[in-house]
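Working notes, beginning with the structure itself.
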Amino acid sequence: MKFIDEYRDRELVQRILKEIRHISTRDISLMEVCGGHTMAIQKFGIPSLLPTTIKLLSGPGCPVCVSSRRFIDHAIAIARKEKHIIATFGDLIRVPGSTSSLEKEKANGADIRIVYSILDAINLAKSHPDHKIVFLGIGFETTAPGTALGILKAKQEQLHNFSLLSSHKIMPPAMEALIDEGVQIDGYIAPGHVSTITGTGMYQKITKKYKVGCVVAGFEPTDLLKAIYMLVQQHEHDNPKVEIAYTRAVRSEGNKKAKEAMEEVFELQDDWWRGLGILPASGLKLRDIYRNFDASEVIEVDIEPTKEDKGCICGEILKGISKPSDCKLFGRVCTPQAPVGACMVSSEGACAAFYRYRGS
Amino acid sequence: MAKDKILLAHGSGGKITHELINNLFVKYFRNPFLEKQTDSAILPGYNEFLAFTTDGFVVDPIFFPGGDIGKLAVAGTVNDLAVSGAVPKYLSCSFIIEEGLLISDLEKIVASMAEEAAKADVPIVTGDTKVVNKSKCDKIFITTSGIGFLPDVHKKISTGPDIHPGDKIIINGSIADHGMAVLAARNDMELQAEILSDCASLNGLIRSVLDAGINIKFMRDATRGGLANVMAELSSGKSYGLHLDENKILVQENVRGICEILGFDPLYVANEGKVVMVTGEKDAEKALEIIKKHQHGRDAAIIGEATTEHPGKAWLTTGIGGKRIIDMLAGEQLPRIC
């Protein structure tokens, strides 16, 4: 396939691997913080190709996995209301809430629609004027601008039956929190899609403050291996810096228009991350002038008390401290068809990726 | 639990479907024929064995590029018989029709069934029709059952007890066409891609291989859950591993494109005209030659082999040379594709 196959070229991969083996003498732990990277690394079998000096960790890069259980409970409470339609990305419907899931509510008769973008949800609002449509906004800087544009469109079209339940988050606070918590990270494989929007400015602070390199990677094998090569080289020379190994998509200044849309619609709030707790100024909330579109403001619901999982080590897995296979529940009590923790639900979650593609 | 309800995922064909089948249907209907859980039940007949199978079809949309629910209902049941090594003989069909369906649409579907049945040379000999109130089913659901005759020499094909390391894995062409064709045909996707479903009866192709005296040790059609599910199921609990080479598995350009966009792994996407065969090393090239001459086998390839490595597992060498395990599909990848 054009524009993809050249980045999956076996010869080129072997050449980069040879270079990596050639320069890598010191142990190094690299963390990716992007669900797309988690999946790609497992899908292409990259860990089986790397020298033993290099350890790859999966961080909190899956937005579904880091979302709070209360967010799901909130969505469920809305779904139970008459004449309310939940519009959501497919990944969220199987995430366990405290006592139910959107999938189960759907079987109980709740109107839950899987959509591919906020625009589908806006179309639903137009075609169902007697219903209230609530879009579940989830994701990092990659999907937040799309949601922001949707809100601007909804305002422009004066939709009164459309609102957003936001679980949008931004990535840098989590990258800092992990290091603050003492997780051994020698370099970040920085997220590709997030960086197309944000650019690389936000990583400078991390590199400066913690002396940890950040290299933005794409999602194809050669992209990932190139980023790994650059991080290993930085580490070998004690020269952490911010670099881009995904220059065909990412510019250091990012996407100005997308950033403006986010800035216009959202403001930062303290937010709860599974495994990391409350991180200051890490979540995105609609600004006051858009509060008419904020489901948490305009739809009254009773949300059930939040119950957390027992025995689940999602937190440690999201921090890269433990591997999915270290969890007592993994593969036995917690499987993709009966997930206990969020890491198992989303196809981009570390546990789901590990379960499906277990390296051999 | 009494309060648990059926979820869409229970119909995915993956692990959760298997749990439902084992914990409910097999538990209550228990008998030695059912317990083998082969595509067709293998039953004692007079001179030969009987193969007997049934399948319900609820695909949405009912017309899609490369086929329709009627063609699918015939080919699906014919294939379930043929992959067990049987010669499909007779089909039955049962229609559940939603009030309001255009009779012209029904006629198109029935004509398509007749055409596919004629191609497969398997007559539809009995049937039933029910109509339900508007919105009590979605347009039309079809169930077909089929009977075939199974010569004694082929009766192990559906379970594959004689597979050994070194045996080859063959497939008769590209994967993931059907699932992606149906998905692209759904209105809600707004994707402009003309992908043809591979929906086709394979009994002719299979017969030509068996008639050539080739010892097919195992055969299954790679429908829901795709090639991955067939491999994961077959290897489970065995003393050998099953290895696939990603570079040898054909995925059409446009199918790969949609899979990339939507994040589907083609290995797990449904096919409706693909059979996976396992043969001895010596038979493999000969089988391939025969399959390639057939119209549904032009792109056939040897895609892997049974190994001593990773016993009980199916595993893949990825396009770049990495290794990973192929597990069964867990939840639902795509509802209502057949």
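The values are calculated or read from the model by the stated rules, or taken from the named source; none is laboratory data. Please read these numbers as outputs of a predicted model, since none were measured by experiment. Neighbour counts are summed over all protein chains in view; Cβ atoms, including those assigned to glycine, are modelled from backbone coordinates with ideal geometry.
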Tell me which residues, restricted to the range B:1-34, are over 21 Å from A:SER100 (Cα atoms) and either among the hydrophobic types (A, V, I, L, M, F, W, C) or surrounded by 11 or more Cβ atoms within 10 Å (Cβ to Cβ) (or both). B:GLY13, B:GLY14, B:HIS18, B:ILE21, B:ASN22, B:LEU24, B:PHE25, B:VAL26, B:PHE29, B:PHE33, B:LEU34
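Residue-wise test of (1) surrounded by 22 or more Cβ atoms within 10 Å (Cβ to Cβ); (2) within 10 Å of chain A (Cβ to nearest Cβ); (3) out of contact with any Gly (no Cβ under 7 Å at 6 or more places or on another chain); (4) not in a loop (DSSP other than H, G, I, E, B).
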site: B:ASN254; (1), (2), (3), (4): no, yes, yes, yes
site: B:PHE264; (1), (2), (3), (4): no, yes, yes, no
site: B:GLY273; (1), (2), (3), (4): yes, no, yes, no
site: B:VAL276; (1), (2), (3), (4): yes, no, yes, yes
site: B:ALA284; (1), (2), (3), (4): no, no, yes, yes
site: B:ILE290; (1), (2), (3), (4): no, no, yes, yes
site: B:GLN295; (1), (2), (3), (4): no, no, yes, no
site: B:ARG324; (1), (2), (3), (4): yes, yes, no, yes
For the range A:249-360, give me every one of the helices (runs of 4 or more DSSP H) that falls completely inside it and has 3 or more residues that are within 14 Å of chain B (Cβ to nearest Cβ) and crowded, with 20+ Cβ neighbours inside 10 Å. A:342-345, A:350-357
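Residues checked against (1) hydroxyl-bearing (Ser, Thr, Tyr); (2) more than 23 Å from the chain's Cα centre (by Cα); (3) modelled with pLDDT under 95:
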| position | (1), (2), (3) |
| --- | --- |
| A:LEU224 | no, no, no |
| A:MET230 | no, yes, no |
| A:THR247 | yes, no, yes |
| A:GLY275 | no, no, yes |
| A:SER282 | yes, no, no |
| A:ASP288 | no, yes, no |
Selection from the range B:307-322 of residues more than 8 Å from chain A (Cβ to nearest Cβ) and crowded, with 19+ Cβ neighbours inside 10 Å yields B:ALA314
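Those residues that are within 11 Å of another protein chain (Cβ to nearest Cβ) and within 20 Å of B:MET231 (Cβ to Cβ), I need them from the range B:1-39; list them, please.
Initial filter on the range B:1-39 (within 11 Å of another protein chain (Cβ to nearest Cβ)): B:3-10, B:12, B:14-20.
Result: B:SER12, B:GLY14, B:LYS15, B:ILE16, B:THR17, B:HIS18, B:GLU19.
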Picking from B:ALA270, B:ALA284, which residue would you name as being of a type in the set (A, V, I, L, M), over 25 Å from B:GLY179 (Cα atoms) and either at pLDDT below 95 or in contact with a strand residue (DSSP E or B) (Cβ under 6 Å, 6 or more places away or on another chain) (or both)? B:ALA284
Can you tell me which residue is farthest from the other protein chains (Cβ to nearest Cβ) among those in the range B:219-252 that are surrounded by fewer than 21 Cβ atoms within 10 Å (Cβ to Cβ) and among the basic types (Lys, Arg)? B:LYS238
Filter the range A:123-148 down to residues that are within 26 Å of A:ALA342 (Cβ to Cβ) and either surrounded by fewer than 18 Cβ atoms within 10 Å (Cβ to Cβ) or of a type outside the set (A, V, I, L, M, F, W, C) (or both), then give me how many there are. 8
Under 8 Å between Cβ atoms, which residue pairs at least 6 apart in sequence (or on different chains) link something in the range B:235-254 that is in contact (Cβ under 8 Å) with a residue 24 or more places away in the chain with a partner that is outside any strand (DSSP E or B) and hydroxyl-bearing (Ser, Thr, Tyr)? B:TYR240/B:THR308; B:GLY241/B:SER235; B:GLY241/B:THR308; B:LEU242/B:SER235; B:GLU246/B:THR318; B:LEU250/B:SER174; B:VAL251/B:SER174; B:GLN252/B:SER174
Restricting the range A:1-47 to residues that are of a type in the set (Val, Ile, Thr) and within 13 Å of chain B (Cβ to nearest Cβ), which is surrounded by the most Cβ atoms within 10 Å (Cβ to Cβ)? A:THR38
Flagged in the range B:311-338 as at pLDDT below 95 and out of contact with any helix residue (DSSP H, G or I) (no Cβ under 7 Å at 6 or more places or on another chain), in numbering order, are B:ARG336
For the structure I just gave you, tell me whether A:HIS84 is in contact with a strand residue (DSSP E or B) (Cβ under 7 Å, 6 or more places away or on another chain) and under 22 Å from A:ASP120 (Cβ atoms). yes
Please go through (1) crowded, with 24+ Cβ neighbours inside 10 Å; (2) assigned to a helix (DSSP H, G or I); (3) in the same structural domain as A:MET39 (by TED's automatic domain parsing) for A:ILE151 and return the number of the only condition it doesn't satisfy. (3)
Among the residues of the range B:152-160, are any farther than 19 Å from B:ARG220 by Cβ and hydrophobic (A, V, I, L, M, F, W, C)? no
Given the criteria of a type in the set (A, V, I, L, M, F, W, C) and not assigned by TED's automatic domain parsing to the domain that holds B:SER145, does B:LEU43 qualify? no
Give the residues of the range A:48-83 that are part of a loop (DSSP other than H, G, I, E, B), within 14 Å of another protein chain (Cβ to nearest Cβ) and at pLDDT below 95, sorted by residue number. A:CYS62
